[in-house]
Amino acid sequence: MGTHEVTAPELEALAASWSQDTPVPRPRETERLTLVLESLRALSLVRRQVRAFLTASLDPTASGAEDVVERAILVIDELTSNALRHGSPPSRLSICDETHRWLVIVSDSATDRPPTPAVDRPAGAGGYGLYVISDLSTAHGVHYAVDHKLVWAALTKNPN
């Protein structure tokens with residue numbers, strides 16, 4: 001999570017950021033990729049499709065483009081695997097391609113199971129994916145509808 005050791009108050013603030021209902025930003029452009037999430041085993045195919053979509057939206061000669069895609073893939077992997085592990089079907093991934101960012105939205109129907117960051121969990125026990133998402137995105141949140149929840153992250157296309 002960045003270049004410094006995260007303090008307890010910073011961890012508390014990150015955990016709190018997942019506990020409030022935050023509406024999904026309205027996408028500014030309409031180019032999007034939408035995929036149904038079927039199983040953890042099928043995520044490798046999802047990853048390939050996502051990589052192709054993200055790469056096609058960047059200038060291939062731009063410095064740092066590969067790193068930007070890798071960071072986005074990490075966030076998308078965390079969001080999609082969380083939906084499949086902790087959510088309820090149907091689960092869906094949508095990526096909106098905007099001029100300076102990607103808006104990633106993952107939905108599932110487990111409205112009774114909010115994203116819950118690990119707190120006081122031993123190192124190596126897992127459960128820190130929401131902190132990774134918080135660290136690598138410019139904004140993130142969860143929004144609840146009547147029959148589904150939307151967990152979202154905004155990812156910059158800027159390599160810096």
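Structural remarks
- Test: residue in the stretch 84-93 that is in contact (Cβ under 8 Å) with a residue 60 or more places away in the chain and either within 24 Å of Thr7 (Cβ to Cβ) or among the small types (Gly, Ala, Ser) (or both): yes
- Long-range neighbours under 6 Å by Cβ, at least six apart or interchain, first residue over 19 Å from Asp108 (Cβ atoms) within the stretch 32-60, second of a type outside the set (Asp, Glu) and surrounded by 14 or more Cβ atoms within 10 Å (Cβ to Cβ): Phe53/Leu33; Leu54/Val69; Leu54/Ala72; Thr55/Val69; Leu58/Ala65
- Among residues of the stretch 38-57, those that are part of a loop (DSSP other than H, G, I, E, B) and more than 16 Å from the chain's Cα centre (by Cα), counted: 5
- Residue match in the stretch 92-109 (condition: among the polar types (S, T, N, Q), closer than 13 Å to Leu150 by Cα, more than 14 Å from the chain's Cα centre (by Cα) and part of a loop (DSSP other than H, G, I, E, B)): yes
- Verdict on Pro60 being over 20 Å from Val132 (Cα atoms) and either of a type outside the set (Asp, Glu) or touching an Asp or Glu at 6+ places or on another chain (Cβ under 6 Å) (or both): yes
- Residue selected from the stretch 79-114 under the condition surrounded by fewer than 21 Cβ atoms within 10 Å (Cβ to Cβ) and among the charged types (D, E, K, R), by the criterion farthest from Asn158 (Cα to Cα): Asp112
- Those residues of the stretch 140-160 which are among the basic types (Lys, Arg) and either part of a loop (DSSP other than H, G, I, E, B) or over 17 Å from the mean Cα position of the chain (by Cα) (or both), in sequence order: Lys157
- Failed item, numbered, when Val68 is tested on (1) touching a Pro at 6+ places or on another chain (Cβ under 7 Å); (2) exposed (fewer than 13 other Cβ atoms within 10 Å of the Cβ); (3) among the β-branched types (Val, Ile, Thr): (2)
- Screening Asp59 with (1) within 23 Å of Glu31 (Cα to Cα); (2) modelled with pLDDT of 95 or more gives one miss only, at (2).
- Against the criterion of being crowded, with 21+ Cβ neighbours inside 10 Å, within 25 Å of Arg41 (Cα to Cα) and without any contact (Cβ under 8 Å) to a residue 60 or more places away in the chain, Val75 does not qualify.
- Within the stretch 13-37, considering residues that are assigned to a strand (DSSP E or B) and within 19 Å of Thr55 (Cα to Cα), the one modelled with the lowest pLDDT: Arg32
The values are calculated or read from the model by the stated rules, or taken from the named source; none is laboratory data. Note that the structure is predicted; figures quoted are calculated from it, not measured. As a convention, Cβ positions derive from the backbone with ideal geometry for all residues, glycine included, and neighbour counts pool all protein chains shown.
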